[in-house]
Amino acid sequence: MSNNSFPHEFFGDLLAANAEYQKNFKYSELTGSAAKGLAIVTCMDSRINPLSVIGMKSGDVKILRNAGARVTEDVLRTLVLATYLLNVNRILVMPHTDCKMAENDEADFHKLIDEQYGVNTSSLEFRTTRDQRGALASDLNRIRSYPLLREGVAVAGGIYDVKTGAIEPFEG
Ligand SMILES: [Zn+2]
């Protein structure tokens, strides 16, 4: 049974914070549609608060995150649902400065994990890139040319600066 228990020693602080959150909860009227018609694809980097950096709040935006803000099959799958069914008509792909995914090669991460943990991760593709702007250009193109995406959806890129909070519009 212990396998099914909730490990409070690891997650108890979350429930305590959530109890506070519930006291002023004000989003009960929201639906699952994106009120501002936006989907943002960004990195998992913990320095990025996607809603805050673009002045939005709960209910406004679909947020898709992964290592490096890469456009994967799963991102495309999610964007198809978001654009047809959840009111999304604009997509911002937003990688960031100082991203480890743009400063290492695939082999570096495999080696690091193998050396530190003795685990062979070579069956995984981490999708690192030394050319962040080139990768962003091809990821944007991947969305724009995806045949199943809804017609007329606007697609843009921007690079988020973790030192200043600025988004640099990507012209590529
Ligand atoms: Zn990153």
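Nothing in this text is a laboratory measurement; each read-out follows from the coordinates by a stated rule. Keep in mind that what you see is a predicted model, and the values were worked out from it rather than measured. Glycine gets a Cβ as well: all are built from the backbone with ideal geometry, and neighbour counts include every protein chain shown.
Numbers below:
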quantity	calculated
Enumeration of residues in the stretch 36-75 that are surrounded by 15 or more Cβ atoms within 10 Å (Cβ to Cβ) and over 18 Å from TYR160 (Cα atoms)	LYS36, GLY37, GLY59, ASP60, THR72, VAL75
Residue match in the stretch 14-37 (condition: in a loop (DSSP other than H, G, I, E, B) and within 16 Å of the ligand (Cβ to nearest atom))	no
Residue among ILE113, ILE143 that is surrounded by 13 or more Cβ atoms within 10 Å (Cβ to Cβ) and touching a strand residue (DSSP E or B) at 6+ places or on another chain (Cβ under 6 Å)	ILE143
Members of the stretch 54-71 that are away from the ligand (no atom under 14 Å from the Cβ) and outside any loop (DSSP other than H, G, I, E, B)	VAL61, LYS62, ILE63
The stretch 72-88 - residue that is in a helix (DSSP H, G or I) and among the aliphatic types (A, V, I, L, M) and, of those, farthest from GLY152 (Cα to Cα)	VAL75
Qualifying positions in the stretch 41-52 - of a type in the set (A, V, I, L, M, F, W, C) and within 14 Å of the ligand (Cβ to nearest atom)	VAL41, CYS43, MET44, ILE48
Residue within the stretch 104-112 that is assigned to a loop (DSSP other than H, G, I, E, B) and out of contact with any Cys (no Cβ under 7 Å at 6 or more places or on another chain) present	yes
Scan of the stretch 113-158 for residues that are within 16 Å of the ligand (Cβ to nearest atom), basic (Lys, Arg) and part of a helix (DSSP H, G or I), ordered by number	ARG133
Selection count, the stretch 76-99, where residues are surrounded by fewer than 14 Cβ atoms within 10 Å (Cβ to Cβ) and within 14 Å of the ligand (Cβ to nearest atom)	1
